[in-house]
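Undergrad: Mind having a look at this structure? Questions to follow.
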Amino acid sequence: MHKNNNWHKETAMIHEGYDSKEHQGSLAVPLYQTATYVFDSAEQGEKRFAGEEAGNIYSRLGNPTVSVLEERIARMEEGQAGLAFASGMAAVSAVLVHVTKANDHIVCSRGIYGCTFGFLKILEEKYAITHDLISMGTEEEIEKAVKPETTCIYVETPINPTMELVDLQAVVNVAKRHNLKVIVDNTFCSPYIQTPLTFGVDFVLHSATKYLNGHGDVIAGLLVGNDKEEMAKLRGTVQKDFGGVISPFDAWLLLRGIKTLPVRMDRHAANAKILFDYLKNHSRIEEVFYPFDDQHPQYEIAKKQMKTGGGLISFTIKGGKEEAQKLMNHLSLVKLAVSLGDAETLIQHPATMTHSAVPKEEREKMGVMDSLLRLSVGLEHMDDIIADLEQAFQFI
């Protein structure tokens, strides 16, 4: 496997974990579309199951295509090991099950993905694993939320969909004082823009469906850890026995998408900045939320943690749900769809879509109001995106 610690990240995204000499000279990573593997002998099978000999057994336990992906994402996030899952939620649930037991407590950033919130409710109802959602605005606030039974701190930054930021160094400082694990959902940034492990975080995860794939045709999740032994334990217990593993074909598609991540993210970010400048003074907009807005109250945190402002913008329109739906219904080029990170520009209404599972009172505490829309800025020409938005604004 190719490893070169001197490579820049853009180079590692194309080459890390793969040596064509080991695969009959194939330039592209081969797709090993197989469920199981043939042993040379019964004795070899015994040794592999006993862990005495390296090698493939069954694709739920390991697959050559998937292994390249796991090595590549580990390098991209500057971690020790990676694991690939069938969805982002499979990665979320696996790591939270790994770091908790019955009656434990989790401190969470107050804005989290709706299905993550749903999983936390399952943990609470079935295993009395409680959680508190806090703004994490200061180190003191985080400290105050820690209880004797707290085992981990779970963070999204930027927060979905309000674009609030969490100071990762402040979180890590508190975690170290209490021997807590820190988990960061880095989906909104991708490892090209932000690498939480470099701040001392323990685990970073992605819905790889989004920017890492970038083409809207894969459901997948990735997890990277800073401790190789702990990641091996997670692989051999929670991942193996829960079984939420990625298919070889989806891993192959992800590897193809990751090769172009840097150029795509640069374009997403450049387009988002242009769109932000258009929206911030629009007569039908109340407020725009974008991490690299120099008036953003957490702009200094954004500059410290993020390479660019990313490709996501949220904004509130003058009005409520009715006006938001009118705007969405009159768009043509901009597609009405949940998800993000695709080549196409996508818009959605979090209150009735991605965060609809969150009770209204809790949702509004997060800042997810009926007037809030989230826009994933695509790769189209900005003049065309703005023209489509402008004609739709005329209907509200």
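The values are calculated or read from the model by the stated rules, or taken from the named source; none is laboratory data. Computed from a prediction, not measured in an experiment: that's the story for all the values here. Neighbour counts are summed over all protein chains in view; Cβ atoms, including those assigned to glycine, are modelled from backbone coordinates with ideal geometry.
Yes or no, residue by residue, for (1) outside the structural domain of Asp266 (by TED's automatic domain parsing); (2) in contact (Cβ under 8 Å) with a residue 40 or more places away in the chain; (3) out of contact with any strand residue (DSSP E or B) (no Cβ under 6 Å at 6 or more places or on another chain):
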residue	(1), (2), (3)
Cys189	yes, yes, yes
Leu197	yes, yes, no
Thr209	yes, yes, yes
Glu229	yes, no, yes
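Undergrad: Then there's this: Which residue pairs have Cβ atoms under 9 Å apart, sit 6 or more places apart or on different chains, and have a first residue in the range 232-249 that is outside the structural domain of His98 (by TED's automatic domain parsing) and within 15 Å of Gly221 (Cβ to Cβ) and a second that is surrounded by fewer than 17 Cβ atoms within 10 Å (Cβ to Cβ) and of a type in the set (Val, Ile, Thr)?
TA: none
Undergrad: Looking at the range 273-298, I want the residues that are closer than 20 Å to Ser371 by Cα and assigned to a loop (DSSP other than H, G, I, E, B) and have a partner that is aromatic (Phe, Trp, Tyr) and modelled with pLDDT of 95 or more with Cβ atoms under 6 Å, at least 6 apart or on another chain. Which pairs are those?
TA: Arg284/Phe393; Tyr290/Phe276
Undergrad: Please go through (1) part of a helix (DSSP H, G or I); (2) more than 15 Å from the chain's Cα centre (by Cα) for Cys115 and return the number of the only condition it doesn't satisfy.
TA: Only one criterion is unmet by Cys115, namely (2).
Undergrad: May I ask you to list the residues in the range 182-211 that are of a type in the set (A, V, I, L, M, F, W, C), assigned to a loop (DSSP other than H, G, I, E, B) and closer than 28 Å to Phe249 by Cα?
TA: Within the range 182-211, Phe188, Cys189, Ile193, Ala208 qualify.
Undergrad: Going by the conditions given, is His355 in the same structural domain as Leu275 (by TED's automatic domain parsing), of a type outside the set (D, E, K, R) and closer than 15 Å to Thr316 by Cβ?
TA: yes
Undergrad: Based on this model, can you work out whether Val263 counts as among the β-branched types (Val, Ile, Thr) and either assigned to a helix (DSSP H, G or I) or in contact with a Cys (Cβ under 8 Å, 6 or more places away or on another chain) (or both)?
TA: Against the criterion (among the β-branched types (Val, Ile, Thr) and either assigned to a helix (DSSP H, G or I) or in contact with a Cys (Cβ under 8 Å, 6 or more places away or on another chain) (or both)), Val263 qualifies.
Undergrad: Next question, about the same structure. Quick check on Ala28: is it surrounded by 15 or more Cβ atoms within 10 Å (Cβ to Cβ), under 26 Å from the mean Cα position of the chain (by Cα) and of a type outside the set (S, T, N, Q)?
TA: Considered against the rule, which asks whether it is surrounded by 15 or more Cβ atoms within 10 Å (Cβ to Cβ), under 26 Å from the mean Cα position of the chain (by Cα) and of a type outside the set (S, T, N, Q), Ala28 comes out as no.
Undergrad: Residue by residue through the range 336-352, note down the ones that are crowded, with 23+ Cβ neighbours inside 10 Å and more than 20 Å from Cys115 (Cβ to Cβ).
TA: Residue satisfying the conditions is Thr345 alone.
Undergrad: Answer yes or no as to whether Lys181 is under 15 Å from Thr260 (Cβ atoms), surrounded by fewer than 24 Cβ atoms within 10 Å (Cβ to Cβ) and of a type outside the set (A, V, I, L, M, F, W, C).
TA: No, not satisfied.
Undergrad: Another question about this same structure. Can you list residue pairs whose Cβ atoms sit under 7 Å apart, with the first residue in the range 369-381 being touching a residue at least 24 places away in the same chain (Cβ under 8 Å) and the second being outside any loop (DSSP other than H, G, I, E, B) and aromatic (Phe, Trp, Tyr)? Count only pairs 6 or more apart in sequence or on different chains.
TA: Cβ pairs passing all conditions: Leu373/Phe315.
Undergrad: Can you name every one of the helices (runs of 4 or more DSSP H) wholly within the range 7-79 that holds 2 or more residues which are of a type in the set (Asp, Glu)?
TA: 42-49, 64-76
Undergrad: Next question. Which one is surrounded by the most Cβ atoms within 10 Å (Cβ to Cβ) among residues in the range 127-152 that are touching a residue at least 40 places away in the same chain (Cβ under 8 Å) and either assigned to a helix (DSSP H, G or I) or not hydrophobic (A, V, I, L, M, F, W, C) (or both)?
TA: The residue in question is Thr150.
Undergrad: Also: Within the set of pairs 6 or more residues apart or between chains, which connect a residue that is touching a residue at least 40 places away in the same chain (Cβ under 8 Å) inside the range 31-52 to a residue that is polar (S, T, N, Q) and assigned to a loop (DSSP other than H, G, I, E, B) with Cβ atoms less than 7 Å apart?
TA: If the second residue must be polar (S, T, N, Q) and assigned to a loop (DSSP other than H, G, I, E, B), the pairs left are Tyr32/Asn63; Thr34/Ser59.
Undergrad: Here's something else I'd like to know. I'd like to know if the range 353-360 contains one or more residues that are in contact (Cβ under 8 Å) with a residue 60 or more places away in the chain, closer than 21 Å to Gly311 by Cα, surrounded by 15 or more Cβ atoms within 10 Å (Cβ to Cβ) and in contact with a strand residue (DSSP E or B) (Cβ under 8 Å, 6 or more places away or on another chain).
TA: Looking for residues that are in contact (Cβ under 8 Å) with a residue 60 or more places away in the chain, closer than 21 Å to Gly311 by Cα, surrounded by 15 or more Cβ atoms within 10 Å (Cβ to Cβ) and in contact with a strand residue (DSSP E or B) (Cβ under 8 Å, 6 or more places away or on another chain), one finds at least one in the range 353-360, hence yes.
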